[in-house]
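S.K.: Dumping the structure here so I can ask a few things about it.
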Amino acid sequence: MINKTLAELASGLDSGEFSSVELTQAYLDRIQAEDSKYNAFITVTATEALAQAKAADARRSAGKAGPLTGIPLAHKDIFCTAGVKTSCGSKMLDNFIAPYDATVTHNLAEAGMVSLGKTNLDEFAMGSSTESSYYGPSHNPWDLTRVPGGSSGGSAVAVAARLAPAATGTDTGGSIRQPASFCGITGIKPTYGRVSRWGMIAYGSSLDQGGPMTQTALDAAMMLNAMAGFDAKDSTSVNKEVPDYTLRLNEPLKGLRIGLPKEYFGAGLNPDIAACIQSAVKQFESMGATVKEISLPRTDLAIPAYYIIAPAEASTNLSRYDGVRYGHRCDSPVDLFDLYTRSRGEGFGDEVKRRIMIGTYALSAGYYDAYYRKAQQLRRLIKNDFEAALQEVDVIMGPTTPAPAWVVGEKAKDPVSVYLEDIYTISANLAGLPGMSIPCGFVDGMPVGLQVIGNYFDESLLLNIGHQFQQSTDWHTKSAV
Amino acid sequence: MEWEVVIGLEVHVQLATKTKIFSGAATKFGAAPNTQACAIDLGMPGVLPVFNGDALHKAVAFGLAIDAEIGKRSVFDRKNYFYPDLPKGYQITQMDHPIVGMGHVDINLDDGTVKRVNVTRAHLEEDAGKSLHEEFEGMTGVDLNRAGTPLLEVVSEPELSNAKEAVAYLKKIHSIITYLEISDGNMAEGSMRCDANVSIRRPGDPVLGTRCEIKNVNSFRFVEKAINYEILRHIEILEDGGKIVQETRLYDAEKDETRSMRSKEVANDYRYFPEPDLLPVIIDHDFIEQIAATMPELPDAKSARFITQYGLSDYDANVLAANKTLAQYFEDVVATSQDAKLSSNWVMGDLSALLNKNNLETAQSPISAQDLGTLILRIKDNTISGRMAKTVFEGMWDGEGAPDDIIAAKGLKQVTDNSAIEKIVDDVIAANPEQVAEYRSGKDKLFGFFVGQAMKLSRGQASPGQVNDILKQKLQGE
């Protein structure tokens, strides 16, 4: 049961093979038995989950079930959940219980999905390994000494270790795609504005986007159907009709124009990963796609631009955590300044402090033009490069990451080397484009992801490509457990 | 030494929207602390602002009223600083692309001239909450009801030359916002607050002197006093060879002085940058036209109309038109009385005096415009004298009823019957032979005595005009 995809679980529930309560209990048992070695979950909500499962079974008997009704999932602990702790991986919010639901969790609950709990992440989503979490790192099911990627690492682990059939993630610079790649699952970051950010704790507001993390592209399509859509509570969400993402999955890929940016295959890319990508591309060629080399000349500038813009936004997004209204407050503050400095000093971890300082510096008078404004100009140019490239090709393919998952602690002393790992993913966030990572091979026993970047609101095409690839390959069926 | 004063004003106008500028919480004044603050106002994790279209509508109306450029694309920015009553750690405001660009207002000076004051800009922003220091011993309370209340900050050019001009400017802004009904303009409740930037320089000096900003002055009278205090302070310092320190000061109304605000930070770096949670506001021509079509007659236009339509003086027209309800009241009085001059005299004279004395707004007047108009009619048709009218007016103020009822109840009908008055006059002459002789021998001043006697005899009811005429005639008669 626990190796089934969402689609398979849906038919199992439909045929009465098992109930939602049985299914939910099976996952809860598994979490209880196994999660101590993965540390995928920060909070497990067994009682609530079983109640939701019971309601889902009742809904099914009443003939009102949708395709996702009764299927369990896990939420990245960045999505606010009414009545359940939302920590964002930080000591700062270790005591925080939101009085409201994020639109994403609300929509998935409306669809009848059962929430098993909240998954681990890098503190405030700042990181690529979950190592910055206040709750300790999560461990990669393919090799427990290695990181699962991040920031949505707990969600990726939960799916890869079969602690949940699917999970939500968020992606500011690759935080869905990179852990999906490291853990051998499918993850899609939709177009900026496609999924509401309401109730999703902000890191870099102009970059953050929620999305599904699943075993297959079909599952991602099913989940995105429930997650996507305009939300009046998020001014940056786009009022555009949501297609049924499962409808185009089976379209043939004949004539698909694939672009391979030469900058994504240069120095710095692990040659074995390059080989995996090349063979995946060959697979698409055999399915009738055409391939051409393209150029994204400002790829090198994406990291510096991102590491100005995201920290700048983060530095002010995180100002609200001041110990005044909720969250961590230091003991016996002597005055206001003491309250602020000690509450924030104690509540935030090193990586968060580092980014707050970078962002504060970049926005300061006298530096704004040299850093923030310049980074925004770069962002515009990077966007232009992508728009030009997507005139010539339908999708851009390449590796999701330059190397497979590293060993926990290996990069602890060199944060910049971690930043450089984001090189292939952050451009899609800067440009606002949708990007997907699907499993396409292994290097030294660790999974490798193929990244597919498409045009704005072309999620259907990305999922179609993912599904077709998964119809003719079996990388996505490999299980770590 | 001669000094030139330069004043610029920043006026914060609280827009009268039902809900806050970025949330659905109510904006009503005076609610129990923190009962009108939702998750957005509290700056909870993951919440997002949504711009209130009504605030936009009201800001554009103001822009049109001061003949300003409307920003076709305006952008919200974050102004970052830490304070307990600023829940997000930043205020959402507008920096480089305000909703209202350069405009102007005309102010009426005491010497009867009109001065044009340029308005640099007006931008939308959210208000902060309130820190309550008094009620909590050793602690500070935070009330976030006001957090997120929409404000329009109106910034003038430094073109005002004295405190009186500053007040005239403020009154004109107040008049415009209440005409447009975009704000209740209630200064006591903080719906309109003013920061004044004051500096002085030698006449002809092209460089502005160092300025001081006086924060949050909440009445016209205090603005005038605070500015005058500040001007004298500057003059004293400079004439003693000192230097002005650029700083923010607070006006203490009780001591009538300004004081340097205690502030630990030397200079705040607000780290402004575009608010990523909100899209730029794009306004098209049709939207502006739509608002333009619903604009009411504004004070300047109304004043001009009062001059031409009713033949009022510039001064009277300006005073009446400055207040929308007073202007409407006046026009309602005229509609009944059919006499603009008498109506303006009564409205600006007796009525305004009593309203001011009792601290009442025009809308709270116990005397309806129609009743006042009727009273004026009764003067015009000689039913009562001007003096009787004062008695009737007082009766109306005290709630004794409609003017005709009071006239009847108090028996105030004026005696206009010539033969009756002649008889009274005859009686007065007969009763005062000595005075009559003196008068006739040239002591003209005694005429008043006879009028008084006649009015007394008629118990005040004889028409004073007729008494005059008949007395003159009879005293000269022989």
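S.K.: Roughly speaking, what is the stretch gain from residue B:215 to residue B:468, that is 0.36 nm per residue apart minus the C-alpha to C-alpha distance, in nm to one decimal? Could you put the intermediate results ahead of the total?
M.R.: Numbers: separation 253, 0.36 × 253 = 91.08 nm, distance 6.05 nm.
Between residue B:215 and residue B:468, full extension yields 85.0 nm more.
S.K.: Let me ask you something else. Between residue A:381 and residue B:157, what FRET efficiency follows from the Cβ-Cβ distance if R0 is 30 Å, with the result rounded to 0.05? Write down the numbers at each step before the final one.
M.R.: Numbers: r = 38 Å, r/R0 = 1.28.
For residue A:381 and residue B:157, the calculated efficiency is 0.20.
S.K.: Going by C-beta contacts inside 10 Å, put B:367, B:244 in order with the fewest on the left.
M.R.: Numbers: B:367 22, B:244 16.
Ranking B:367, B:244 by Cβ neighbours within 10 Å, fewest first, gives B:244, B:367.
S.K.: Also, I was wondering about something else. For peptide A:231-237, compute the average count of partner chain beta-carbon atoms within 10 Å of each residue's beta-carbon.
M.R.: Working: counts 2, 1, 7, 4, 10, 5, 1.
Shielding by partners across A:231-237 averages 4.
S.K.: What residues of the range B:205-229 lie in the reach of a label at residue B:236, counting those whose backbone N is under 20 Å from a point 7 Å from the Cα along Cα→Cβ?
M.R.: It comes to B:210-215, B:222-229, nothing else.
S.K.: Rg/Rh for the range A:333-379 to two decimals, with Rh computed the Kirkwood way over all alpha-carbon pairs.
M.R.: Working: Rg = 14.3 Å, Rh = 12.3 Å.
Across the range A:333-379, the Cα-based Rg/Rh ratio is 1.16.
S.K.: Over the range B:366-478, what is the mean sequence separation of C-alpha contacts under 8 Å (at least six apart), divided by residue count, expressed as relative contact order in percent?
M.R.: Relative contact order of the range B:366-478: 25 percent.
S.K.: So, one more: How far is the Cα center of the range B:136-193 from the Cα center of the range B:274-295, in Å?
M.R.: Computed from Cα coordinates, the inter-centre distance equals 23 Å.
S.K.: Give the long-range amide H neighbours of residue B:94: residues separated by 5 or more places, or on another chain, with amide H under 5 Å away, using H modelled in the peptide plane at 1.01 Å from N.
M.R.: The answer is B:77, B:124.
S.K.: Determine, for B:212, A:80, A:330, A:88, the number of other Cβ atoms within 10 Å of each Cβ, and report the residues in order from fewest to most. The partial results should precede the final answer.
M.R.: Values: B:212 20, A:80 29, A:330 17, A:88 34.
Going from sparsest to densest Cβ surroundings: A:330, B:212, A:80, A:88.
S.K.: Under the Karplus relation 6.51 cos²θ - 1.76 cosθ + 1.60, θ = phi - 60°, what is the ordered set of whole-Hz ³J(HN,Hα) values for the range B:3-10, x standing for Gly and Pro?
M.R.: 10, 10, 9, 10, 10, x, 10, 10
S.K.: Separate question: Can you compute the helix-only [θ] at 222 nm over chain A? Use -39500 (n - 2.57) per DSSP H run of at least 4 residues, normalise by all residues, nearest 500 deg cm²/dmol. Don't jump to the answer; show the numbers that get you there.
M.R.: Working: 15 runs with 185 residues, N = 481.
The helix contribution divided over chain A gives -12000 deg cm²/dmol.
S.K.: If you wrap a convex hull around the C-alpha atoms of the range B:298-428 and split its volume per residue, what is the figure in Å³? Intermediate results must be reported in sequence, preceding the final value.
M.R.: On the way: hull volume 15.8 nm³, N = 131.
Taking the convex hull of the Cα positions in the range B:298-428, it is 121 Å³ per residue.
S.K.: Ignore the peptide's own chain and count Cβ atoms of other chains within 10 Å of each Cβ in B:273-281; give me the average, rounded.
M.R.: Numbers: counts 12, 4, 5, 12, 9, 3, 3, 0, 0.
Other-chain Cβ atoms within 10 Å of each residue's Cβ, averaged: 5.
S.K.: Can you give the extra length, in nm with one decimal, that the chain gains between residue B:315 and residue B:244 once fully stretched, where that is 0.36 nm per residue apart less the Cα-Cα distance? Don't skip to the end; give the middle numbers.
M.R.: Values: separation 71, 0.36 × 71 = 25.56 nm, distance 3.87 nm.
Going from the current span to full extension adds 21.7 nm.
S.K.: Moving on to the next point. Tell me, what HN-Hα J-couplings in whole Hz come from the Karplus equation 6.51 cos²θ - 1.76 cosθ + 1.60 at θ = phi - 60° for each residue of the range A:319-333, using x for Gly and Pro?
M.R.: 5, 5, 8, 10, x, 8, 10, 7, x, 5, 10, 5, 6, 6, x
S.K.: Now for a different question. Residues with amide H under 5 Å of residue A:398's amide H, sequence separation 5 or more or different chain, H placed in the peptide plane at 1.01 Å from N; which?
M.R.: HN-HN under 5 Å from residue A:398: A:451.
S.K.: Now, a different point. When the dipole is taken about the Cα centre of the range B:190-333, and only Lys, Arg (+1) and Asp, Glu (-1) are charged at their Cβ, what size is it in debye, to the nearest 20?
M.R.: The dipole of the range B:190-333 has a size of about 580 debye.
S.K.: Between residue B:456 and residue B:338, what is the spin-label point distance in nm, taking each point 7 Å from the Cα along the Cα→C-beta axis?
M.R.: The two pseudo-label positions are separated by 3.9 nm.
S.K.: To check you understand DSSP bridge types, tell me what percent of the beta bridges within the range A:1-141 (both residues inside) are antiparallel, rounded to 5.
M.R.: Working: 5 of 9 bridges.
Roughly 55 percent of the beta bridges in the range A:1-141 run antiparallel, per DSSP.
S.K.: In the P(r) worked out for the range A:170-251, what percent of Cα pairs fall beyond 23 Å?
M.R.: When every Cα pair of the range A:170-251 is considered, 21 percent fall beyond 23 Å.
S.K.: Moving on to the next point. With a point put 7 Å past each Cα toward its Cβ, work out how far residue B:208 is from residue A:361 in nm, to one decimal.
M.R.: 3.5
S.K.: Oh, and also: Looking only at the range B:372-402, which residues have a backbone nitrogen under 18 Å from a spot 7 Å from the Cα of residue B:413 in the C-beta direction?
M.R.: So the set is B:375, B:377-386, B:388-389, B:392, B:402.
S.K.: Treat every Asp and Glu Cβ in the protein assembly as shown as -1 and every Lys and Arg Cβ as +1, leave all other atoms uncharged, and give the resulting dipole magnitude about the Cα centre to the nearest 20 debye.
M.R.: Values: 93 positive and 123 negative charges, 161 e Å.
My answer is approximately 780 debye.
S.K.: Moving to a separate point now. Apply the Karplus parameterisation 6.51 cos²θ - 1.76 cosθ + 1.60, with θ equal to phi minus 60°, to every residue of the range B:367-373 and state each ³J(HN,Hα) to the nearest whole Hz, in sequence, with x for glycine and proline.
M.R.: My calculation for the range B:367-373 gives 9, 6, 4, 5, 5, 5, x Hz in order.
S.K.: Between the range A:72-105 and the range B:99-121, what's the alpha-carbon centroid distance in Å?
M.R.: 53
S.K.: Can you list the equivalent-ellipsoid semi-axes of the protein assembly as shown, largest first and in whole Å, using the square root of 5 times each Cα gyration tensor eigenvalue? Don't skip to the answer; put the middle values down first.
M.R.: Working: eigenvalues 1182, 181, 125 Å².
In descending order, the three semi-axes are 77, 30, 25 Å.
S.K.: Using modelled backbone amide H atoms (1.01 Å from N, in-plane), which distant-in-sequence or interchain residues come within less than 5 Å of residue B:132's amide H?
M.R.: B:141, B:142, B:143
S.K.: For the range A:1-160, how big is the tail of P(r) above 29 Å, as a whole percent of Cα pairs? Present the calculation step by step, with values, prior to reporting the outcome.
M.R.: Numbers: 2160 of 12720 pairs.
Of all Cα-Cα distances in the range A:1-160, 17 percent exceed 29 Å.
S.K.: Follow-up question, since we're still on this one. Considering the Cα positions of the range A:150-216, please state its Rg to one decimal place and its Dmax as a whole number of Å.
M.R.: That works out to 11.0, 32 Å for Rg and Dmax.
S.K.: Rounded to the nearest 0.05, what FRET efficiency is calculated for residue A:267 and residue A:391 with R0 set to 25 Å and r the Cβ-Cβ distance? It would help to have the intermediate numbers written out before the result.
M.R.: On the way: r = 28 Å, r/R0 = 1.11.
So the FRET efficiency works out to roughly 0.35.
S.K.: Determine the distance separating the Cα centre of the range A:110-131 from the Cα centre of the range B:14-63; give it in Å without decimals.
M.R.: The range A:110-131 and the range B:14-63 have Cα centres spaced 32 Å from each other.
S.K.: Another question about this same structure. Using the number of other C-beta atoms within 10 angstrom as an exposure proxy, rank B:3, A:475, A:142 with the fewest first. All intermediate terms of the calculation are to be shown ahead of the outcome.
M.R.: Values: B:3 16, A:475 19, A:142 24.
Arranged by neighbour count, lowest to highest, B:3, A:475, A:142 become B:3, A:475, A:142.
S.K.: Normalising by the residue count of chain A, find the relative contact order in percent from Cα pairs under 8 Å and 6+ residues apart.
M.R.: Details: 1170 pairs, mean separation 85.7, N = 481.
Taking the mean separation of contacting Cα pairs over the length of chain A, I get 18 percent.
S.K.: Taking the radius of gyration and the Kirkwood hydrodynamic radius from Cα positions alone, what is the Rg/Rh ratio for the range B:387-478, to two decimal places? If you can, show how the numbers build up before the last one.
M.R.: Working: Rg = 15.6 Å, Rh = 14.3 Å.
Here the Rg-to-Rh quotient is 1.09.
S.K.: Could I ask something else about it? Just grab the label-to-label distance for residue B:441 and residue B:382, each label 7 Å out from Cα along the Cβ direction, in nm (one decimal).
M.R.: Once both label points are built, they end up 3.7 nm from each other.
S.K.: PRE reach from residue B:357 (point 7 Å along Cα→Cβ): which of the range B:393-429 fall under 14 Å by backbone N?
M.R.: The answer is B:393-399, whose backbone nitrogens lie closer than 14 Å to the label point.
S.K.: Next up: Looking at chain A, I'd like the Rg to Rh ratio, where Rg is from alpha-carbon atoms and Rh is Kirkwood's inverse mean 1/r.
M.R.: Values: Rg = 21.0 Å, Rh = 22.1 Å.
My calculation of the ratio gives 0.95.
S.K.: Additional query: Give the average, rounded to an integer, of partner chain Cβ atoms located within 10 angstrom of each Cβ in A:313-320. Mind dumping the intermediate values first?
M.R.: Details: counts 6, 0, 4, 10, 7, 2, 11, 10.
Partner Cβ neighbours, averaged per residue: 6.
S.K.: If each Cα of chain B is one equal point scatterer, what is log10 of I(q)/I(0) from the Debye formula at q = 0.11 Å⁻¹?
M.R.: -0.99
S.K.: Can you give the extra length, in nm with one decimal, that the chain gains between residue B:34 and residue B:328 once fully stretched, where that is 0.36 nm per residue apart less the Cα-Cα distance? Please list the in-between numbers first.
M.R.: Numbers: separation 294, 0.36 × 294 = 105.84 nm, distance 3.82 nm.
My answer for the length gained is 102.0 nm.
Throughout, read-outs are computed from the coordinates displayed, never taken from laboratory work. Model, not experiment: these values are computed from the prediction. Cβ sites come from the backbone with ideal geometry, for glycine too, and all protein chains shown count toward neighbours.
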